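The values are calculated or read from the model by the stated rules, or taken from the named source; none is laboratory data. Everything numeric here is computed off the predicted structure, so don't read it as measured data. Cβ coordinates were reconstructed from backbone atoms using ideal geometry, including for glycine residues, and neighbour counts include every protein chain displayed. Areas reflect the complete protein model, heavy atoms only, side chains present, ligands, DNA and RNA absent. Shrake-Rupley method; radii C 1.70, N 1.55, O 1.52, S 1.80 Å.
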Amino acid sequence: MQAPVLSGTGLVAGYRTGVAVLSNVDIEVERGAVLGLAGPSGCGKSTLAKVLTLLHEPWAGLVELDGEAVRKFRHAAPRAQRTAIGVVFQQPRLSVDPRFTLREVIVEPLAANGFPAKIGELAERVGLTEDLLGRRPHEVSDGQLQRACLARALALGPRYLVCDEMTAMLDASTTAALVGVVQEEVRAAGTGVLAISHDEDLLSVWADRVQRWT
C-alpha cells in the first residue's frame, strides 16, 4: 500500500500564455515529514505552493492527495480536498483582511466551513495572548500577524501544510517559535510539511530532506 503523500507529477504552470513558470516538475510531500524546497527568488517555488494548495490550476501534470487525483482547483475543488491542505505565505499583511481582528483571521476557515469558532487552544499554540486577538493587523508586528496566519492554517487540522517562505520576514526568535509549532504538528498529528525557503541553513535543521532548484 502506498504511503500517504501530497504529490505533483509533470507539473507545468504559469500565468501568461506560453510562459511557463513550472516546467515538468515532480514533487512528493510525505505525511509525518518535512520536505525542504530551496532555490533562488523567481524559480517558481511560490507558484508550486499555489498549485499544491489548489489555489492555481496547472496547465499540465497531475496533483494527487493521498492517492486521489485532484481534478478541480480553487473554490471548485471539493471541500474535503481544500481543507486537507493548509498554507502560510511569506507576507502576512497581504494574506489577511485588514479589517479583521486577529481572532477573526484565525476563525475565518472555521466559520467558512461551519465549525465552532473555538480558538483558545490555537492561539495558545502559536503564542498569541488574549489582548492581541482583539487587535487588527496594523496594530501588531509582522511576527504576531504571522502567528495568527499559522493558527489559521492549522485551524481545520490539515493533513498537509505548505510554508512558503513563512519565516522570511521574521526575527530569529519568532522564526524558532513558529518552526517549533510546525514541528510539533509533524510529531503529534503526522502532518506532512513542504517548507519553502531560500535559507538553506534554516532548512538544514528544519527539513528531513531538501530538494534544491536552480
| field | Scope the range 109-122; condition surrounded by fewer than 19 Cβ atoms within 10 Å (Cβ to Cβ) and either in contact (Cβ under 8 Å) with a residue 60 or more places away in the chain or assigned to a loop (DSSP other than H, G, I, E, B) (or both); matching residues | value | 113, 114, 115, 116, 117, 118
| Those residues of the range 73-90 which are in contact with a helix residue (DSSP H, G or I) (Cβ under 9 Å, 6 or more places away or on another chain) and either open to solvent by 60 Å² or more (accessible area, probe 1.4 Å) or outside any strand (DSSP E or B) (or both), in sequence order | 73, 74, 75, 82, 83, 89, 90
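This table checks each residue for (1) free of Cβ contacts under 8 Å to residues at least 24 places away in the same chain; (2) part of a strand (DSSP E or B); (3) open to solvent by 60 Å² or more (accessible area, probe 1.4 Å); (4) within 28 Å of residue 200 (Cα to Cα).
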| position | (1), (2), (3), (4) |
| --- | --- |
| 6 | no, yes, no, yes |
| 11 | no, yes, no, yes |
| 20 | no, yes, no, yes |
| 26 | yes, yes, yes, yes |
| 71 | yes, no, yes, no |
| 99 | no, no, yes, no |
| 104 | yes, no, yes, no |
| 107 | no, no, no, no |
| note | Among residues of the range 187-205 being open to solvent by less than 10 Å² (accessible area, probe 1.4 Å) and either touching a helix residue (DSSP H, G or I) at 6+ places or on another chain (Cβ under 6 Å) or of a type in the set (A, V, I, L, M) (or both), the residue modelled with the lowest pLDDT is 197
| task | Please find, among 88, 63, the residue that is in contact with a strand residue (DSSP E or B) (Cβ under 7 Å, 6 or more places away or on another chain), free of Cβ contacts under 8 Å to residues at least 60 places away in the same chain and under 30 Å from residue 204 (Cβ atoms). | result | 63
| note | Among 93, 125, 152, 147, the single one that is more than 21 Å from residue 189 (Cα to Cα) and open to solvent by 20 Å² or more (accessible area, probe 1.4 Å) is 93
| message | Looking only at the range 110-144, filter to residues that are in contact with a helix residue (DSSP H, G or I) (Cβ under 7 Å, 6 or more places away or on another chain) and β-branched (Val, Ile, Thr); which one of those is farthest from residue 77 (Cα to Cα)? | response | 140
